[in-house]
1. Determine which single condition GLY127 fails, assuming it passes every other condition in (1) assigned to a helix (DSSP H, G or I); (2) in contact (Cβ under 8 Å) with a residue 24 or more places away in the chain.
2. Please give the number of the condition LEU244 fails out of (1) on the phi > 0 side of the Ramachandran plot; (2) modelled with pLDDT of 85 or more.
3. Filter the helices (runs of 4 or more DSSP H) completely within region 302-360 down to those with at least 2 residues that are under 15 Å from the mean Cα position of the chain (by Cα) and under 26 Å from ILE220 (Cα atoms).
4. Looking at region 132-144, which of the residues that are of a type outside the set (Val, Ile, Thr) and loosely packed, with under 15 Cβ neighbours inside 10 Å is nearest to ILE178 (Cα to Cα)?
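The values are calculated or read from the model by the stated rules, or taken from the named source; none is laboratory data. These numbers come from a predicted model, not from an experiment. Note that each Cβ is placed from the backbone with ideal geometry, even for glycine, and that neighbours are counted across all protein chains shown.
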Amino acid sequence: MAFAILTPALVRMVIDPNIFSYSNIQITIFAGLVAHTLGFFFFRRIANLPGVAAAGYIMPTFALCYGLVYLAIFLFRIDYSAFQAASSLTLSIIWYFGLSILSRRLDPYSLAVIPGGAIGRLEEIGGVNWHWLASPDIIIDRVNGVVADLRSDLSDEWERYIADRALSGTPVYHVKQISESLTGRVEIEHLSENTLGSLNPNQAYLKIKQAVDWIAALFILVVFSPLLLFVAAAIKFDSAGPALFMQERMGYRGKIYEVYKFRTMKIGAPIGDEKEEAITKAGDARITRLGQFLRKSRIDELPQAFNILRGEMSWIGPRPEALVLSKWYEAELPFYRYRHIVRPGITGWAQVNQGHVAAVDDVLEKLHYDFYYIKNFSPWLDVLIVFRTIRTMLTGFGAR
């Protein structure tokens, strides 16, 4: 922290020895301390979430924290040094990039695996140096933990091995716990407290999140109203039919509501039964020329800000399905209705990890992502989803 905050002022001392006596420098140094501390705290929480390549989130995390702090200073018209602020941000990013590269080279993440039970699922998880133990006599130095299926019938020798590793200070993980933390999915066998913690997500954060959602939706509708009107006019010009598409979907606590989106498909194009009509396939011929762009950029989702103002949706949450699909999935998948315990979202953990899916097997995997989001319902996971959604909008990942 001292490197990032004090170095710019120390360099300027060569030209002006009295630099630290100026009030704007003092204010900027204090603001930098606050911003850097927030950035470090946010980065540590986000970097611990599954599937996060930590280096990729250094710049957006610190840029966001520094931006918020200096925006507050700007709005209150407090004098500050732009050079000191920009240099502090740049050095913070460089410092954590260097630490990230160094830690990856010197201390790659590695886990020792005890044989027995359902450890086979670990073979499909990349990004970890797995050490498959063949005997309790083998002790591997410098591992980040030991993984075992603690529900399996382990021999006395392996149980002593686990006890010894725990006493030596090495973390011991249940296979399901480590699989969940590395993949970002909760594989549900039973809706039990052991699987999901409390079956109800944090109620205090639910209220805070709803208030933030409402303010952000109002801001979007007011500030981007010219863009929304322009898109609506372009849709009318591009193809016959209304600018908005409305569809019944299953929402919060299982209540049915009508979702608003910009229309991206041709009107009256026959496709088959009601279920097939609700599924958008890759290269769907019903999508209009303009609709391709609107779907890829996610601009077609913006009218759902009205649903957020009405308390029916959130910016972030499990993606709501068409009513006919929701009923189909409920009949095929146990516990599907549990995903309605939080408000559905315009974007979500499953969307940024998996993209658009419709087949039952894929929806089951999507359900695992949704349950992970509900179990780990927190502002840190929401911030990570925001960052990944921005990347998704730029790349078009998962759009159909």
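1. Failed condition: (1).
2. Every condition holds for LEU244 apart from (1).
3. 349-354
4. First pass over region 132-144, keeping only residues of a type outside the set (Val, Ile, Thr): 132-137, 141-142, 144.
So of that shortlist, the ones also loosely packed, with under 15 Cβ neighbours inside 10 Å come out as 132, 134-135, 137, 141-142.
On the way: TRP132: 15, ALA134: 20, SER135: 21, ASP137: 23, ASP141: 19, ARG142: 18 Å.
The qualifying residue nearest to ILE178 (Cα to Cα) is TRP132.
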